Every structure is written in C-alpha cells, then in structure tokens.
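Chemist: The structure under discussion is supplied below as structure tokens; questions concerning it will follow.
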Amino acid sequence: MRKLIRMLAPILKLFFFDRPRRLLAGALLSAVTVVAGLALLGLSGWFITAASIAGLSAAAVAFDVFAPAAAIRLLAISRTAARYGERMTTHDATLGILAALRERLFRGWAGPGAARNLLRRPSKALFRLTADIDALDSLYLRVLVPIGAAMGAGVVAVVALGIMHPAFGLTVGAALVGCGICVPIAAGGLARKPARRRAYGIEALRSRAIDLTAGQADLMMASGMEAQCMSVLAADRYTARADRHLNRIETGVTLTFGLVTAILLAGSLLAVAALTEARAITAPVAALGLLIAFAAVEPFTALRRGALEFGRVLVAAKRIGPRLTEETLRHQRSVPEAGIAVGLREASVRHDGSAGDALHAISLELRLGETLAVIGPSGAGKTTLLMLLADEVEPRVGTAACVDATLLTQRTELFHDTLEGNLRLAKPEASDAELREALAAAGLLSDIEALPKGLGTPLGEGGFGLSGGQSRRLALARLFLRDTPLWLLDEATEGLDSATANDVMSRLKQRACGRAVVIACHTRREAAIADQIAVIERGRMTQLSRRGEAAFESALERLRPD
C-alpha cells in the first residue's frame, strides 16, 4: 500500500494542487447527480404506488398530486443540470491538468542533455506524451469521482432505508460497501498484471510497426523484413492475450454485480414486504425503499471500469511520477559581464556514460560583435563546445557564463508542415513582414514567391520538396528570426555547392552585426569571416589566435579550401 501511495502521490499532488476547486466541484456535482437520481426513482415509485392506491379508495379526492409531481420535475431538472455540469467540469479540469502535465514533461525534456536522450528512444518519449498521459484521466474520471458518487449513494440509501428500519438500512449499506468496494478492489488487483502487459504490448507493437514502416529499405537489403514482421505479430499476440484476460475479468465483475443486484433486490423485496405486513411502513413507502435499494447499486457498478483501468494508471504513474518529483524548470545559467557574450573558465564536460571528458579545462572569452571559428579534426569536441554554449550540457567542473544563444545544427530539421509553419517555429508571433524579411535576408524569398502557394506550400517529412540549399537557407531564415545575442553554427555550409555556401556566409556576416557568432567548421570560407580562431584537439584548446596574427593565417591554411 505504501508503494502504491508513493507511486500515485506525484500525480495526485498535481491533480489537486493545479485545479482543486474544479476537481472538487466536479466530484460534488457527480454526487448530486447520483443522489438526485436515487431520490427521483424512489419518489416516482412512491408517487405511482400512492396514486394507484388512492384511486382505488375514497381518498382519491384528498390525494395531493401537485406537490409530488412538482418535486419529481425538480429532481429531474436537477439531475440533468448536475449531470451536464459534472461532465463539463470534470472533463475540463482533467484535460487542463493533462495539458499542464505535458508542458511539464516538455520542460523536463528541454533541460541540458535531454535532447540526446530523446534521440535514443523517441518512440518511448512519444508514448509518454500520448498513451501514458491519456491513461491518467482514468484516475480522476473513472476512479476518484465514481468512488465519491458511490459513497454518496450509499449514505443516502442507508439513511433513507434506516428510517424505515435501522436493520434494513444497515444491511443494505453493508451489502453495498462489501460488494461495491471489495469487488472493484479485487478486480483491480487481478487486472494489474494484464493491464501492465497490455500497456507494454501496445508500446512494443507501435515501436516495431514504426520500425517496419520507416526501415523497409534497410530491412529488405539486410533480409530482415520477415523477422521484423514476425516481431510485430508477436507483439500483437502478446497484447491480444492481455486483452482477453482483461475481458474475462470484466465479464466476471459484470456477472458478480448482476448477481449481487438480484440478491439485494430480492432481499429488499422480502424486507419491505415484512415491514408492510407488520404495518411499520405503508405500500408507497415500501415501493420507495425497494427502488432506492435497487438504484443504489448502479453507482458502485461504475467502479468496474475504473478497476480495470487502474493497472494502466499505475503503469503510467510509475513512468511519469519520477519526472514530476524532479525539478523540471531549467537551471539558471550564469550571465557574463556587460559586453561579454561567452565566458568559460576551466570548463570540462563529460557525456553521460563516458569514462573521460569530452572537453578539458576550456577557457574562452568572446565579446558581443565578435566571431569565433572553432576548428579541429572530427571528434575533437567542437560540437560539444557548441552544446555547452547553447546550455544543452553543463560543465562537470569550472564555470560557463553565456548570453542567450540560438544553435544551428549540421542537420536541418524540417517537418511535415507548410513553409510558414516551419518558419514560425523560430518565432510564432512573427508578422508576415518579419517572415518575408528573414527569407529575403537568407536569399530564399524569390524562390518562395515563385511557388503557387507561397508560404502556404506544404513540405513533406524532413523538408521533402526543397533542395538541400533551399532547406539550409530556410534554416538560416529561422536563425535570423531568433533575436538572440549569440549565434552558434555547426558546419553551416556543409553539403552546399561553393556558390551557395559563399552566399550563405556573406548573408550571415551581414545579418550578424552586433551579435557574437561561434562557427564550428572545416572549410576556409566559414572561418574567413572570424575575428578569432580556436583550435581544439582531443577535447583541449591548443591554440587561440586573432586576425592579423601569424597563427591566425596559419590556422586558415590548415583548413579545407572552398
């Protein structure tokens, strides 16, 4: 039980601290709906029975039909209004909380080093944001709210039947609690393992199906298509077995509740008959008691769905809960002195799982308006340095103070969206004039205007529909939209023809006025615009030279010609 509470505590804390009023209002409205339904059914039974008896006797003239009829109408309207309000309130609160939960997970994944972890298992991250978070809506909608409604119905039934006879009320209450609570708890215990297996099976099925679809060419070349298909089918069979197990549990719970309802109804019928024969209650009151006992079971049967979903909820809580207990807000990076863009002091960086440092005791100072070219062989640590300056990794030792930065990676990340949608990733609130200005600065505006749909032109996955040079210019336009004082570029012109690459570097130099720029490069044309050149070898800065120095010219000569 303690383990269960620890697992659910972060989720419950988020639920009841984010929107407590709406959650409590939803639970209260659910209880009002159930109580109004009980009262409506019981009063209707009493009214019909009393009116029938009055019609067969001389008391028909004196029988008041208006007050009970008005009360029935009031209860019907109240039940309908409470049901509508409950659905609106509970679903609005739940969806709002789940949206806040997704935001918190995104913030956690935006922290240093998180991007690299996401690239290792992107399907798992997607599953956390979709299936796992969606599973948590059952915790409130199908577990907590039905429990509150069932308890309210049980109290009303015990009080109403206890007025007729205390033993009658206590017996019905014991039956409701004993069956209505114990059966869902038992079902939840039985369903935990198959629900967990089903969640893992669906995740494996999705992941393997995606691998099959995305990697068809590689699988066919490696003669692995048949093996991958068998893997997908195995995951499907695993999930189907879990589904069948859950269906058997649900059938058993449904039969159990049906049996208990029949027994309770038969017992209540005998009880009210005995009380009527003993003249302890009248026939209309007997009808009221019988219908209340019958209707009181219904809210408890609603717990059946929650009990079966509870295993899935626990799996989701186990996966997501630890992230909610961690600090999801990004750490506050140190701010350098005025006029300084980058200030590193003996900073060393080590990647997770690595035995040694990727960067060793790097010291560097770069002022606003200056450009630094970082050169060195592949694997020397140039990209790691850019990640450090972009605040994607933290120094293991030493200090790193940087202004806000924008990183342009080697790979141009474009998505299945319109050109405008891909461009607005950099600045969602940008006006059309700003978008066109950025495109013009990147040398892409004329190409975009020549398209039939202009900025509304849809792109395929990975930017399909644009050439390599156009894709790079679009990424450059996104960089221009980001109004940060530090730009970081990782081999900005790699893969471009000489004319396009020279044009890109020329436009970058014009647009970077007043900003600090750091370029990791292998070619002379990229380093030629720099004010300083830093040479990195095996994670160490072996040389730092300024324009006009012999070492600067020597470093340029080491680079690959344009």
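The values are calculated or read from the model by the stated rules, or taken from the named source; none is laboratory data. Nothing here was measured: the structure is a model prediction, and the numbers come from that model. So basically every Cβ, Gly included, is an ideal-geometry build from the backbone, and we count neighbours across all protein chains shown.
Chemist: Report, ordered by the first and then the second residue, all pairs with beta carbons closer than 9 Å, sequence separation of six or more or different chains, a first member in the range 535-562 that is more than 25 Å from Val349 (Cβ to Cβ), and a second member that is of a type in the set (Gly, Ala, Ser) and exposed (fewer than 13 other Cβ atoms within 10 Å of the Cβ).
Modeler: Asp562/Ser498
Chemist: Within the range 408-429, identify whether any single residue is part of a loop (DSSP other than H, G, I, E, B), assigned by TED's automatic domain parsing to the domain that holds Gly460 and crowded, with 20+ Cβ neighbours inside 10 Å, and answer yes or no. Steps first, answer last, please.
Modeler: Initially, the range 408-429 is screened for residues part of a loop (DSSP other than H, G, I, E, B), giving 409-417, 424-429.
Next, only the ones that are assigned by TED's automatic domain parsing to the domain that holds Gly460 stay: 409-417, 424-429.
Pick out the ones that are also crowded, with 20+ Cβ neighbours inside 10 Å and you get 412, 414.
Within the range 408-429 (the criterion being part of a loop (DSSP other than H, G, I, E, B), assigned by TED's automatic domain parsing to the domain that holds Gly460 and crowded, with 20+ Cβ neighbours inside 10 Å), the answer is yes, since at least one residue qualifies.
Chemist: Also, I was wondering about something else. Is it fair to say Ala271 is farther than 27 Å from Glu461 by Cβ, modelled with pLDDT of 90 or more and surrounded by 17 or more Cβ atoms within 10 Å (Cβ to Cβ)? Full working, then the answer.
Modeler: Numbers: farther than 27 Å from Glu461 by Cβ: yes; modelled with pLDDT of 90 or more: yes; surrounded by 17 or more Cβ atoms within 10 Å (Cβ to Cβ): yes.
In short, yes.
Chemist: Can you list residue pairs whose Cβ atoms sit under 9 Å apart, with the first residue in the range 92-106 being closer than 10 Å to Phe15 by Cα and assigned by TED's automatic domain parsing to the domain that holds Val313 and the second being hydroxyl-bearing (Ser, Thr, Tyr) and part of a helix (DSSP H, G or I)? Count only pairs 6 or more apart in sequence or on different chains.
Modeler: What qualifies is Ala93/Tyr140; Thr94/Tyr140; Ile97/Tyr140.
Chemist: Can you tell which of Thr254, Thr301 is surrounded by 18 or more Cβ atoms within 10 Å (Cβ to Cβ) and over 14 Å from Ala160 (Cα atoms)?
Modeler: Checking each option against the conditions leaves just Thr301.
Chemist: A further question follows. I'd like the full set of residues that are over 13 Å from Ile133 (Cα atoms) and surrounded by 14 or more Cβ atoms within 10 Å (Cβ to Cβ), limited to the range 89-107.
Modeler: Of everything in the range 89-107, those that are over 13 Å from Ile133 (Cα atoms) and surrounded by 14 or more Cβ atoms within 10 Å (Cβ to Cβ) turn out to be Thr89, Thr90, His91, Ala93, Arg107.
Chemist: Sticking with this structure for a sec: Suppose we filter the range 395-407 for residues that are under 26 Å from the mean Cα position of the chain (by Cα) and not in a strand (DSSP E or B); how many remain?
Modeler: Kept after step one, since they are under 26 Å from the mean Cα position of the chain (by Cα), are these residues of the range 395-407: 406-407.
When the remaining residues are screened for being not in a strand (DSSP E or B), the result is none.
Of the residues in that region, 0 qualify.
Chemist: Determine, yes or no, whether Phe127 is part of a helix (DSSP H, G or I), at pLDDT below 80 and surrounded by 16 or more Cβ atoms within 10 Å (Cβ to Cβ). I'd like the intermediate steps shown before the answer.
Modeler: Details: part of a helix (DSSP H, G or I): yes; at pLDDT below 80: yes; surrounded by 16 or more Cβ atoms within 10 Å (Cβ to Cβ): yes.
Against the criterion (part of a helix (DSSP H, G or I), at pLDDT below 80 and surrounded by 16 or more Cβ atoms within 10 Å (Cβ to Cβ)), Phe127 qualifies.
Chemist: Of the residues Asp503, Asp490, Asp497, which is within 30 Å of Leu556 (Cβ to Cβ) and in contact with a Ser or Thr (Cβ under 6 Å, 6 or more places away or on another chain)? So that I can check it myself, show each step before the final result.
Modeler: On the way: Asp503 fails: in contact with a Ser or Thr (Cβ under 6 Å, 6 or more places away or on another chain); Asp497 fails: in contact with a Ser or Thr (Cβ under 6 Å, 6 or more places away or on another chain).
Every option except Asp490 fails the conditions.
Chemist: If you don't mind, another one. So which helices (runs of 4 or more DSSP H) are wholly in the range 454-562 and hold at least 1 residues that are aromatic (Phe, Trp, Tyr), at pLDDT 80 or above and farther than 22 Å from Cys402 by Cα?
Modeler: Details: elements: 468-481, 498-511, 524-527, 550-558.
Result: 550-558.
Chemist: On to the next question. Within the range 351-377, how many residues are hydroxyl-bearing (Ser, Thr, Tyr), in contact (Cβ under 8 Å) with a residue 24 or more places away in the chain and surrounded by fewer than 16 Cβ atoms within 10 Å (Cβ to Cβ)?
Modeler: Taking the range 351-377 and keeping what is hydroxyl-bearing (Ser, Thr, Tyr), we get 354, 363, 371.
Cutting the leftovers down to in contact (Cβ under 8 Å) with a residue 24 or more places away in the chain gives us 363, 371.
This time we only want the ones that are surrounded by fewer than 16 Cβ atoms within 10 Å (Cβ to Cβ), so: 363.
Final tally of qualifying residues: 1.
Chemist: Another question about this same structure. Go through (1) modelled with pLDDT under 85; (2) of a type in the set (D, E, K, R); (3) surrounded by fewer than 20 Cβ atoms within 10 Å (Cβ to Cβ) for Glu277 and report which single condition fails.
Modeler: Among (1) modelled with pLDDT under 85; (2) of a type in the set (D, E, K, R); (3) surrounded by fewer than 20 Cβ atoms within 10 Å (Cβ to Cβ), Glu277 violates only (1).
Chemist: Another question, if that's okay. Does Ala501 satisfy the criteria of being of a type outside the set (Val, Ile, Thr), buried (at least 16 other Cβ atoms within 10 Å of the Cβ), closer than 20 Å to Arg473 by Cα and out of contact with any Lys or Arg (no Cβ under 8 Å at 6 or more places or on another chain)? Walk me through how you get there before you give the answer.
Modeler: Working: of a type outside the set (Val, Ile, Thr): yes; buried (at least 16 other Cβ atoms within 10 Å of the Cβ): yes; closer than 20 Å to Arg473 by Cα: yes; out of contact with any Lys or Arg (no Cβ under 8 Å at 6 or more places or on another chain): no.
Against the criterion (of a type outside the set (Val, Ile, Thr), buried (at least 16 other Cβ atoms within 10 Å of the Cβ), closer than 20 Å to Arg473 by Cα and out of contact with any Lys or Arg (no Cβ under 8 Å at 6 or more places or on another chain)), Ala501 does not qualify.
Chemist: Can you work out which of the residues in the range 463-481 that are in contact (Cβ under 8 Å) with a residue 24 or more places away in the chain and among the small types (Gly, Ala, Ser) is surrounded by the fewest Cβ atoms within 10 Å (Cβ to Cβ)? If you could, list the steps in order and put the result at the bottom.
Modeler: Let us first name the residues in the range 463-481 that are in contact (Cβ under 8 Å) with a residue 24 or more places away in the chain, namely 463, 466, 468-481.
Filter again for among the small types (Gly, Ala, Ser), leaving 463, 468-469, 471, 475, 477.
Values: Gly463: 22, Gly468: 14, Gly469: 20, Ser471: 23, Ala475: 23, Ala477: 27.
Checking each candidate, the answer is Gly468.
Chemist: Scan (1) of a type in the set (A, V, I, L, M); (2) without any contact (Cβ under 8 Å) to a residue 40 or more places away in the chain; (3) closer than 28 Å to Ile448 by Cβ for the single condition Val504 breaks and write down its number.
Modeler: For Val504, the failing item is (2).
Chemist: Taking the range 384-407, which residues are of a type in the set (Val, Ile, Thr) and crowded, with 16+ Cβ neighbours inside 10 Å? Please lay out each step first, then the result.
Modeler: From the range 384-407, those of a type in the set (Val, Ile, Thr) are 384, 393, 397, 399, 403, 406; that's our starting set.
Correct list: Thr384, Val393, Val403, Thr406.
Chemist: Also, I was wondering about something else. So is Arg208 at pLDDT 90 or above and either within 25 Å of Gly311 (Cα to Cα) or in a helix (DSSP H, G or I) (or both) or not? Full working, then the answer.
Modeler: Values: at pLDDT 90 or above: no; either within 25 Å of Gly311 (Cα to Cα) or in a helix (DSSP H, G or I) (or both): yes.
It is false that Arg208 is at pLDDT 90 or above and either within 25 Å of Gly311 (Cα to Cα) or in a helix (DSSP H, G or I) (or both).
Chemist: Can you find even one residue in the range 189-202 that is in contact (Cβ under 8 Å) with a residue 24 or more places away in the chain, in a helix (DSSP H, G or I), in the same structural domain as His245 (by TED's automatic domain parsing) and more than 30 Å from Leu233 (Cβ to Cβ)?
Modeler: no
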